[in-house]
Structure formats: structure tokens, C-alpha cells
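Below: the structure, in C-alpha cells.
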Amino acid sequence: MSDPVATRITPGLDGAPTDVDLVVIGLGITGVGVALDAVTRGLSVLAVDAHDLAFGTSRWSSKMVHGGLRYLAQGQVGVARESAVERGILMEVTAPHLTHAMPMVVPLSSSVSRVQERLTHAGLLAGDGLRRSAGTEEETLPRPRRLTTTELMAMAPPLRSAGLRGGLLSWDGRLEDDARLVTTIARTAASYGAHVRTRARVLGATGTSVELRDELSGATHSVTARAVVNATGVWAGELVDEVSLRPSRGTHLVLRQETLPGLAVSVFAPIPGSTSRFVLVLPQPDGTIYVGLTDEAADGPVPDVPEPTEPEIGFLLDVVSAAFERQLRREDVVGAYAGLRPLLDTPSDDPDGAATTADLSRRHAVLTSRTGVVTVVGGKLTTYRQMAQDAVDAAVDGSGLAAGPCRTRDLPILGAATRTALAALEQPARLVRRYGTDAELVLESARRVTGLSDEELLAPVAPTVPVTLAELVFGVTHEGAADVDDLLDRRTRVGLVPADRPLAVPAAERALALAGRAVRHG
Ligand SMILES: Cc1cc2nc3c(=O)[nH]c(=O)nc-3n(C[C@H](O)[C@H](O)[C@H](O)COP(=O)(O)OP(=O)(O)OC[C@H]3O[C@@H](n4cnc5c(N)ncnc54)[C@H](O)[C@@H]3O)c2cc1C
């Protein structure tokens, strides 16, 4: 099966164009969204990241496709509606293969008062109203309903049953994996002709030029462009000094499924003393459970990889332990990760400027600098498509570029198909879940490149690591993975459990060698 875009995502700047219509800086969800939006309007695009696809905040999310309920509760109706509309587009058009309906329960324990129960139920019904007004099918996301204690315990057997009077069930979207969505959008942009380069750091930008450094060779590289979009998330202020951010850190724990056996739904565990805040317990498709999340101001220099703190870990363990029969201990935590929300620093009503980061707007913003750089920042993973559309609109308006209308609302990304078509695919379920209709391409190209048998290509690389060699090889041949870190920390997420990582390193090294790339560690 020939695939002309196999090598379009490449590390370094060797052979990169020096003159394009639009340069986009940053290959998180926002940047890849901009690259896809711009290239499908007919613009020539160079899209770069200093490190790798999904290196920043985009891989540290809760992996939810939000319907905006939380924003509704805060009175941010516009943000809530935008989220619900974009959730529907992502789940029904753009990426049905990478999104799933996620059942979520609120256990009605003795600590939840009848008034709280009614308020929460009303909120869930309002959330369902948002779904309907966004035009999302009930088949995609069923209606919320009340559960008896028996029903609740069947879905979530490890819950603490004493004092339970049933639960509330609702549905939201869940991503297969956030970095996988980023990678697939990048590959889609490349399939339309975008040049996607990792290990390419922008040292300086104006509205019509960027200075880059190839992080592999150290060589510098100048590119002229009609428009430049800064999609560098929490780092946006480092390239454009008119942009001011106030990042907030969100931490998640990673548990093994065996810690809370039989848990088939996500659980909202109420935070003691708060009527509206919860810790989420989120079962994942790969045998792990995430528990999150915190919201802590993270002022000061922005680290490449943020670290969770012990007090955050302790807080999450305490809240979850109160909702479940089992007292969770520090040893149950097999991984923990933190991400920084790129929140815009908007003036607060408080004369001391003391707004907490939980109050800062989750709305996105598009700002054009004095030299014409368009910065797109804020928002969330769920709304990346609208953010990209707004940014490219601003870039086109500001530069006078001749571009077609935005096409992404109706544009499936690579591997997408209807849920019925996906269910009928005969390839291994894991590959279908992660690549949709491209499952065959993944297997076929791994066969061709390695000459190995399907048995070897599809075996889990270690007993606790369901990732296969076929995926790792595809990561190198089609997804621009340049080293072991790219493969284990972004193309797959083995690195989220540090004890599993060394078990998968030999397979990652083998994939790099089989695909003819020098074996490197990041
Ligand atoms: C803990 C947490 C949980 C979240 N959960 C959810 C969720 O469940 N659902 C949801 O919808 N949203 C969620 N969000 C929000 C969402 O994750 C972010 O809004 C989104 O990922 C931001 O993406 P981005 O592309 O703007 O930034 P990033 O992903 O940070 O991308 C910026 C990129 O720019 C690159 N870069 C920086 N400087 C340069 C330079 N000079 N040259 C070249 N490249 C550069 C970086 O390497 C990076 O890859 C969550 C956020 C956090 C923090």
C-alpha cells in the first residue's frame, strides 16, 4: 500500500520551505488545528514545534471532550455552548474513531444533601439541553438518569456502599488519547500538503517572518511568510510580549485498574466542603485509571515538563478514598502527571488582583501583535477546531491572503468513519480504536517495513503494556517519531507509568532500528 504522506512529518529543518503563506508555531492541539484549517483553505503551511507533536499541555489533559456543563454552572453560557457544539463535531464528524461516550456517575452518599442532589440533577438535565441544542444525537450521548443503588453498584462495584441512596448517571465525551488526537490531526494536515517539522524551535517571529533553530543540527533557518500564528500555549508570552498568561497546574494520578476492580464508569467524587467541585475517577482503555484534577496557580518560569506536588497527590488520594470502600495509599499511585492550563491573565474584579486561577476565563482569545503575529491561546482541547478557525480568519484578514472558507466543520480526520462502519472493521480491536480505518495501513506498512509476522507485530510489548510493535513502527514511518521518548511518551503513553517504561524501551529501540532510523533517546 503506497502512502505518499508517510514522511511528511519530519524532525529538523532539512529541506524545509523558506517561503510559505502561513507559519504556525507549536504543535499542540491548537497548532495542528491551525495547520489543518489553513492547508485545507488552500494555503501553503509550515508547522513547527521546538520538541515534538503534543509535547506541551495537550498530552497532560483529562482526555475528556467536554460538553461545557461546568461553564454553564459558572454562568459562562457562550463558552458552554461552544464546547457542546465542538464536542458534537468531534464525536460525530471529525474523529468518531478517537472519541467515545463516557458514562459518569455521581454517587448519592450521605454527604450529598437532598438540595445538592436536586441541584446536580438539574445541572445534568441542563447539560443534556446543551447537547440537544448543539444537535448532537442521543445515540452519541444518551440522556442522564437516576440510578438505583443496585444499578450504581453494578457499574461501580468498588464504591463505598454504606449510606448510598442511588446515583445520577450522565454522559460526556472521552478521547482515546489526547496526544493521539494531536498526532492524527498533524498527519491529516500533512496529507493535505502541510510541512510539519518537529525539533524546530522558533527563536523570534514577526507577522511576516520567523527565525528558527534546527534542534538536531543547531543550524538556524529563516522563513518568510504572509502570516504567522503563535500557538505555543503556556509559552505564548515568550514569543509575543503583548501576551500575558497566568498558568494553572492540574495534576492527575495514574492507578492500575486492579486497584478499583470492576469500575466500568467514571465517578465524580465530591470534594468535602464544596457543593459543586468533584475529583474525577476516569477508567482508561489501556488498563489504567486516572484520578484528577487539581487547580493550582503556577506562577514563575514555565517548565518543559511540569511536576505534580506531593500535597496535590495526597489531596486527590484523600478525596477518592472517601468515596470508595478501599483506602487508597501512596503505593497505589503508579504514575502522576501535571499540565499547565494556558489561561489568559484577564484583569480581575478584585482590586488586589487576587482572582484564583479557577475563576479565570476558559474562553479562548485571538490577539494580533504590533508586528502582525496572530496569537491563539486559552480555550481547551475540545474547542481546538473553533480556535483554529478564528486564528486563521484573523491571519487571513490581517495579511490579505487569498484563502477559501474554513472547511474543518465537515472534515473527517484520517481514520474517521461512522461508528457503524468502525464496528464492522475486522482488524485487531486495539488498532481500530487508535487508528480507525487506518488500522489496515498501520499493519500493512509495519509488515512491509519489517518483514515480521502478524503474531510478532501485534503482541503486547510487555505483560503490563498493551502497546504493539506495529504501532511503534508506524509511529516512526508515518508519525514523525524520532526517538524512544517520542514513541513512549507521545505516540503511545507507556511513559505515564514509570515502572512500565523500561519494559517497553527495547521494543521502541527495535521499531526505530527496523524503520531504519538511528536509535536515539530524547
Ligand atoms: C490538567 C489539564 C487537564 C485538561 N483537561 C482537558 C480536557 O479533559 N478536555 C479539554 O477539552 N481540555 C482540557 N484541558 C485544556 C487543554 O489541554 C489545553 O487547553 C490545550 O491542550 C492547550 O493546547 P495548545 O496547543 O494551545 O498548547 P500546548 O499543547 O502546550 O502546545 C504548545 C506547543 O508549543 C511548542 N512551543 C513552545 N514554544 C515554542 C517555540 N519557541 N518554537 C516552537 N514550538 C514551541 C511546545 O513544545 C508545545 O508543543 C486540560 C488542561 C490541563 C492543564
Scope the stretch 43-69; condition of a type outside the set (A, V, I, L, M, F, W, C), in contact with a helix residue (DSSP H, G or I) (Cβ under 8 Å, 6 or more places away or on another chain) and either free of Cβ contacts under 8 Å to residues at least 24 places away in the same chain or over 25 Å from Tyr290 (Cα atoms) (or both); matching residues: Asp49
Filtered residue count, the stretch 27-51, keeping only those that are more than 14 Å from the chain's Cα centre (by Cα) and within 7 Å of the ligand (Cβ to nearest atom): 4
Residue list for the stretch 269-282, restricted to those being crowded, with 20+ Cβ neighbours inside 10 Å and either away from the ligand (no atom under 13 Å from the Cβ) or among the polar types (S, T, N, Q) (or both): Ala269, Pro270, Val281
Contacts under 6 angstrom Cβ, first residue in the stretch 27-41 being in contact (Cβ under 8 Å) with a residue 12 or more places away in the chain and hydroxyl-bearing (Ser, Thr, Tyr), partner near the ligand (Cβ under 8 Å from one of its atoms) and assigned to a loop (DSSP other than H, G, I, E, B), 6 or more apart: Thr30/Ala231
Pairs, first under 30 Å from Leu164 (Cβ atoms) in the stretch 324-344, second part of a strand (DSSP E or B) and within 11 Å of the ligand (Cβ to nearest atom), C-beta under 8 Å, six or more apart: Ala336/Thr251; Ala336/His252
Positions within the stretch 200-218 being crowded, with 16+ Cβ neighbours inside 10 Å, part of a loop (DSSP other than H, G, I, E, B) and not β-branched (Val, Ile, Thr), in sequence order: Gly207, Glu215
Some residue of the stretch 1-15 being within 11 Å of the ligand (Cβ to nearest atom), modelled with pLDDT of 95 or more, closer than 24 Å to Leu441 by Cβ and not small (Gly, Ala, Ser): no
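A quick yes/no check of all residues on (1) in contact (Cβ under 8 Å) with a residue 40 or more places away in the chain; (2) in a helix (DSSP H, G or I):
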| site | (1), (2) |
| --- | --- |
| Ser222 | yes, no |
| Ala236 | yes, yes |
| Glu258 | no, yes |
| Pro261 | yes, no |
| Gly273 | no, no |
| Val279 | yes, no |
| Leu282 | yes, no |
| Pro285 | yes, no |
Set Ala394, Ala446, Ala388, Ala403: member being buried (at least 17 other Cβ atoms within 10 Å of the Cβ), within 16 Å of the ligand (Cβ to nearest atom) and either part of a loop (DSSP other than H, G, I, E, B) or over 23 Å from the mean Cα position of the chain (by Cα) (or both): Ala394
Search result, residues across the stretch 406-426 that are part of a loop (DSSP other than H, G, I, E, B) and either within 28 Å of Arg41 (Cβ to Cβ) or touching a Ser or Thr at 6+ places or on another chain (Cβ under 9 Å) (or both): Cys406, Arg407, Leu411, Pro412, Ile413, Leu414, Gly415, Ala416, Ala417, Thr418, Leu425
Selection count, the stretch 42-54, where residues are of a type outside the set (S, T, N, Q) and surrounded by fewer than 24 Cβ atoms within 10 Å (Cβ to Cβ): 3
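The values are calculated or read from the model by the stated rules, or taken from the named source; none is laboratory data. Just so you know, these numbers come straight off a predicted model, no measurement behind them. Backbone-built Cβ (ideal geometry, glycine too); neighbour counts: all protein chains shown.
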